[in-house]
1. Out of everything in the stretch 64-84 that is of a type in the set (G, A, S), within 23 Å of L140 (Cα to Cα) and free of Cβ contacts under 8 Å to residues at least 40 places away in the same chain, what residue ends up being surrounded by the fewest Cβ atoms within 10 Å (Cβ to Cβ)?
2. Please identify the pairs in which a residue from the stretch 46-58 that is of a type in the set (K, R) has its Cβ atom under 9 Å from the Cβ atom of a residue that is assigned to a helix (DSSP H, G or I) and open to solvent by less than 40 Å² (accessible area, probe 1.4 Å), counting only partners at least 6 apart or on another chain.
3. Does L136 qualify as being farther than 21 Å from I38 by Cα, open to solvent by less than 70 Å² (accessible area, probe 1.4 Å) and touching a helix residue (DSSP H, G or I) at 6+ places or on another chain (Cβ under 9 Å)?
4. What are the residues in the stretch 59-86 that are part of a loop (DSSP other than H, G, I, E, B) and either within 15 Å of A127 (Cα to Cα) or out of contact with any His (no Cβ under 8 Å at 6 or more places or on another chain) (or both), if any?
5. Could you count how many residues in the stretch 50-63 are farther than 17 Å from E143 by Cβ and hydrophobic (A, V, I, L, M, F, W, C)?
6. Under 8 Å between Cβ atoms, at least 6 apart or on separate chains: pull out the pairs that start in the stretch 153-178 with a residue that is closer than 15 Å to I41 by Cα and at pLDDT 95 or above and end on any residue that is surrounded by 10 or more Cβ atoms within 10 Å (Cβ to Cβ) and among the hydroxyl-bearing types (S, T, Y).
7. Tell me, which residue of the stretch 43-63 that is open to solvent by less than 50 Å² (accessible area, probe 1.4 Å) and not hydroxyl-bearing (S, T, Y) is farthest from T135 (Cα to Cα)?
Amino acid sequence: MTATNGGPTGTRQDTVAAVVRQWQSVHPDLDTAPMEIIGRINRCAALLQQAEDAPLRRAGLSRPEFDLLGALRRTGHELTPSELARETFSSGAAVTKRLKLLTERGLVERRGDARDRRVAHLRLTDAGRELVDGTLPEQLAYETAVLSGMGAQRQHELASLLGELLSQLEGRLGALRV
């Protein structure tokens, strides 16, 4: 598959297609098809990150901060910082930094472990719960608007394909590292 073979509707005109065409002219012997997928995933992620999530920004939150709050809300119980790092695919240092800010804002509270003083248990405060519950519907509406150019069936297909890719990557991540 090449970038100029955009399927029955014709030539793709996105940025990645131009990059692939350039690589094909420099290295016509190489199969650039993986760039069409990985490049587009990376470009979409970059554009989504640049746009920032408007409802989160209005709430004074970054996506990673909202992810921490969301993990505490959706699991329904206290989590340790290590558990939060696993839930949000974040480093321990990043979680610690974000938790400090969220605690200072009164959105998260810490409780020490009775048996091991080195362990902290984290939970949402009432203000944190209200912020998540108030922001989530707005965030979902924003994400719906971002995807509105695609029909429901295409969104379902894309979600399924991305789910397959994610499952493969999560299962083989260690094997893929060089």
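The values are calculated or read from the model by the stated rules, or taken from the named source; none is laboratory data. What you see is a predicted model; the values in this text were computed from it and never measured. Methodologically, a virtual Cβ is constructed for each residue, glycine included, from the backbone with ideal geometry; neighbour enumeration extends over all protein chains shown. For accessibility, only protein heavy atoms count, side chains too; no ligands or nucleic acids. Shrake-Rupley method; radii C 1.70, N 1.55, O 1.52, S 1.80 Å.
1. So, considering only residues that are of a type in the set (G, A, S), within 23 Å of L140 (Cα to Cα) and free of Cβ contacts under 8 Å to residues at least 40 places away in the same chain, the one surrounded by the fewest Cβ atoms within 10 Å (Cβ to Cβ) is G76.
2. R58/T135
3. Here the answer is no, as L136 does not meet what is asked.
4. A59, G60, L61, S62, G76, H77
5. Within the stretch 50-63, the first condition is being farther than 17 Å from E143 by Cβ, and the residues that meet it are 60.
So of that shortlist, the ones also hydrophobic (A, V, I, L, M, F, W, C) come out as none.
Going through the stretch 50-63 one residue at a time, the tally reaches 0.
6. If the second residue must be surrounded by 10 or more Cβ atoms within 10 Å (Cβ to Cβ) and among the hydroxyl-bearing types (S, T, Y), no pairs are left.
7. Checking each candidate, the answer is A46.
Okay, residues lined up against (1) open to solvent by less than 40 Å² (accessible area, probe 1.4 Å); (2) not in a helix (DSSP H, G or I):
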position: Q13; (1), (2): no, yes
position: A17; (1), (2): yes, no
position: L30; (1), (2): no, yes
position: P34; (1), (2): no, no
position: I41; (1), (2): no, no
position: K100; (1), (2): no, no
